[in-house]
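Only the coordinates and a few stated rules stand behind these numbers; no lab work does. For clarity, every value in this text was computed on a predicted model and none was experimentally measured. No Cβ is skipped: glycine too gets one built from the backbone with ideal geometry, and neighbour counts run over all protein chains shown.
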Amino acid sequence: MSDPSNEDSPLVIRQQRVLAQFGEVALRSDDLDEILTEACRLVGEALGTDLAKVVELQPNGTTLLVRAGVGWKDGVIGVATIEAGEDTSEGYALKTGEPMVSPDIARETRFRYASFLVENGAKAVANVIIIGGKGRPPFGILQVDSRQPRQFTDNDVAFLRSYANLLAATVDRLRVLGEMRDNETRLRLALEAGELGSFEFDLTTNQVSRSKRYDSIFGYDVAPRMWSHEDVIRHVVPEDREQLESALKTAISEGSEWHVQSRIRRNDDDALRWVEIRTRPDGENHAPTRLVGVIADITARKEAEQALAAANATLEIQVGQRTISLAESNAQLDAFAYTVSHDLRAPLRAMEGFARILLDDFAPKLGKEGARFATRIVNAAKRMEVLIDDLLAFSRVQRSDIALQAIDPSRAFKRAAAELLLQPGREPAKIDLSLPLPFVRADRTILGQVIENLMSNAAKFRREGVPLQIVVRAERRGRHVRIWVEDNGIGIELEHQARIFNVFERLHGQEAYPGTGVGLAIVKAGIERMNGTFGVESTLGHGSKFWFELDAADVDDSASDDRGGKHIG
Ligand code: ADP
């Protein structure tokens with residue numbers, strides 16, 4: 001062993017030479033395993049031991065894997081592991097960051113050592129930590145093993161520390177290099193996936209270096225060797241040049257990221273293409289020396305945008321035209337409804353009035369036959385008045401302004417029931433309203449008309465000799481409420497059930513069941529206007545169950561559309 005204080009001793013000189021040699025290897029190579037193995041070889045040479053290794057800390061933070069080494073039997077490098085517990089010198093070195101030396105493993109009382117060390121003839125060990133990059137865990141430990149018990153000197157340990165630090169810097173350089181390569185790969189894949197060309201515009205030489213994709217976007221199979229800013233401009237259509245130039249100037253003077261869309265003419269086929277260029281100036285203190293960027297052919301997107309804009313414009317014109325014709329037909333309908341309500345009513349009343357006068361004042365002259373005809377005039381006029389009223393109600397349901405709000409349907413049902421029970425000449429009737437009914441989102445007037453029509457039909461189409469029975473009940477169906485109006489009347493054959501909701505569709509003569517055939521058409525139009533649904537279940541001779549379904553008033557729009565409700569009526 002040499003004198004550590006003597007800086008010119010052959011050992012110290014050898015160690016310094018080894019450091020210099022390793023520095024060269026570390027700069028030359030990008031292969032971590034090669035560097036680590038060479039590091040082990042050189043450190044063995046410097047310290048005169050023939051065993052050395054680098055153990056790498058695994059992601060679990062406690063296991064160390066023998067990553068590289070010299071002098072070891074097969075089955076150690078890349079295989080053997082050490083658990084860096086409290087009772088191991090490796091664990092201690094990792095925890096404290098201090099070098100740990102065991103001059104004689106056989107006499108070591110502080111630590112235990114992995115069996116492969118002893119099997120490989122190691123008698124003494126020196127551990128120095130290889131730190132990690134900034135904010136990272138240690139890379140591992142450089143271990144020098146001696147086949148004889150050995151007192152490593154302070155000088156040896158100092159050398160090992162400098163050596164391990166050099167190693168740490170090299171390992172970190174390779175890690176950063178690896179990450180950069182990964183990023184480059186990711187960037188290349190992203191550029192390929194996005195079909196983006198990339199370029200670098202050197203402002204000092206006015207030359208643009210480009211990727212292959214860049215050239216193919218400009219329509220070049222074989223890349224032009226020189227490519228300057230003027231070459232770019234030459235391809236841009238004249239109308240777009242100024243915009244591109246001024247955007248470029250701003251980007252350079254402000255040092256800010258910039259993007260522009262321009263039309264270019266391609267080299268090969270002179271085709272007009274849309275491109276989008278995004279670049280970012282690069283350089284010191286607002287004096288960029290180059291622009292780096294990407295370019296994409298966005299023709300397909302532009303064409304789609306233009307087609308969409310054209311389609312929207314046509315659609316707007318069409319909607320405008322339809323709105324006008326709708327307004328016209330609405331105005332006509334208004335005029336029609338006005339005529340019906342006012343102009344038709346007046347002659348009708350006159351007819352009815354004069355026929356009554358005939359009946360009252362001229363009976364003797366009319367004779368029996370004449371009186372019969374006059375009576376028929378009165379009845380026909382009355383019927384026509386009902387028809388006019390119903391038609392007007394129908395037209396109002398279709399076209400009146402509506403205001404949907406939370407409404408308790410119970411009131412309209414109670415009113416309708418009271419009216420039915422009040423009608424003279426009705427034999428006993430039972431009306432069961434299962435109150436209270438849930439609130440629904442509806443227009444008050446329209447809901448009232450719907451209920452009135454369903455209730456009066458239920459009472460009207462009763463069976464001879466069977467006491468009338470009406471049941472009104474509600475059931476919750478998800479965010480909707482379904483209300484049933486059930487009667488024990490004559491019922492409706494399945495084949496007619498759909499058409500009775502059309503205007504003027506009736507299944508019976510006036511004698512048996514008077515009516516206009518407008519009631520259910522009002523129900524249909526009214527429920528549809530309130531965004532609801534309706535229907536009927538019926539068996540001929542056994543009564544009918546009419547229903548309508550509206551939004552429940554207590555749910556907001558975000559509630560799920562679950563229509564499988566439960567019966568609460
Ligand atoms: P109206 O009652 O004036 O005849 P509606 O449009 O209200 O006109 O009804 C159309 C037809 O549907 C009725 O003529 C009748 O044949 C049938 N209908 C309606 N409600 C019932 C009911 N509750 N029971 C049996 N048939 C009915």
- Message: With unit charges on the beta carbons (Lys and Arg positive, Asp and Glu negative) and the dipole taken about the Cα centre of the range 62-101, which residue among G75, T62, G97 sits farthest to the positive side?
- Response: G75
- Message: Under a crude label model (7 Å from the Cα following the beta-carbon direction), how far is K134 from E369 in nanometres?
- Response: 12.1
- Task: Using Cα positions and a limit of under 27 Å, work out the lysines in reach of K368, with same-chain residues fewer than 8 apart set aside.
- Result: K382
- Of the options G535, Q469, Q423, report the single residue whose Cα projects farthest towards the positive end of the charge dipole of the range 417-542 (beta-carbon charges: Lys, Arg +1; Asp, Glu -1). G535
- Note on the structure: Residue span M384 to S325: 0.36 nm per residue of separation minus Cα-Cα distance leaves a gain in nm of 18.1 nm
- Subtracting the Cα-Cα distance from 0.36 nm times the residue separation, let me have the gained length for D361 to R186 in nm, one decimal. 52.4 nm
- Query: Residue farthest toward the positive end of the dipole of the range 268-407, with Cβ of Lys/Arg at +1 and Asp/Glu at -1: which of T289, L404, F373?
  - Reply: F373
- Message: Under 29 Å between alpha carbons, and skipping anything fewer than 8 positions from K123 in its own chain: which lysines qualify?
- Response: K53, K73, K95
- Message: Restricting to Cα atoms and excluding each atom paired with itself, what does the Kirkwood estimate give for the range 235-324 in Å?
- Response: 15.6
- State, to one decimal in nm, how far the label point of A169 lies from the label point of R28, with both points 7 Å from Cα in the Cβ direction. 1.9
- Excluding exposed DSSP-loop GluC sites (Glu not before Pro) (at most 15 other C-beta within 10 Å), longest clean stretch of the chain: 285-463
- Task: Determine the dipole magnitude for the range 430-502: charges of +1 sit on the beta-carbon of Lys and Arg, -1 on that of Asp and Glu, nothing else is charged, the reference point is the Cα centre, and the result goes in debye to the nearest 20.
- Result: 340
- Note on the structure: At R0 = 41 Å the Cβ-Cβ FRET efficiency linking R411 and L494, nearest 0.05, sits at 0.75
- Query: What number comes out for the charge environment of A271, summing +1 per Lys or Arg and -1 per Asp or Glu over other residues with Cβ under 11 Å away?
  - Reply: 0
- What's the local net charge at G132, with K and R +1, D and E -1, over the other residues with C-beta under 13 Å away? +2
- Message: Using all alpha carbons of the range 328-483, what is the percent of pairwise distances in each 5 Å bin, ordered from the shortest bin to the longest?
- Response: 2, 7, 12, 12, 12, 13, 13, 11, 8, 4, 2, 1, 0, 0
- Neighbourhood net charge (9 Å Cβ-Cβ; Lys/Arg +1, Asp/Glu -1) for L174: -1
- Note on the structure: Treating only Lys and Arg (+1) and Asp and Glu (-1) as charged, each at its beta carbon, one finds that the chain has a dipole about its Cα centre, in Debye to the nearest 20, of 2760
- Query: How big is the charge dipole of the range 21-175 about its Cα centre, in debye rounded to the nearest 20, if each Lys and Arg gets +1 on its Cβ and each Asp and Glu gets -1 on its Cβ?
  - Reply: 240
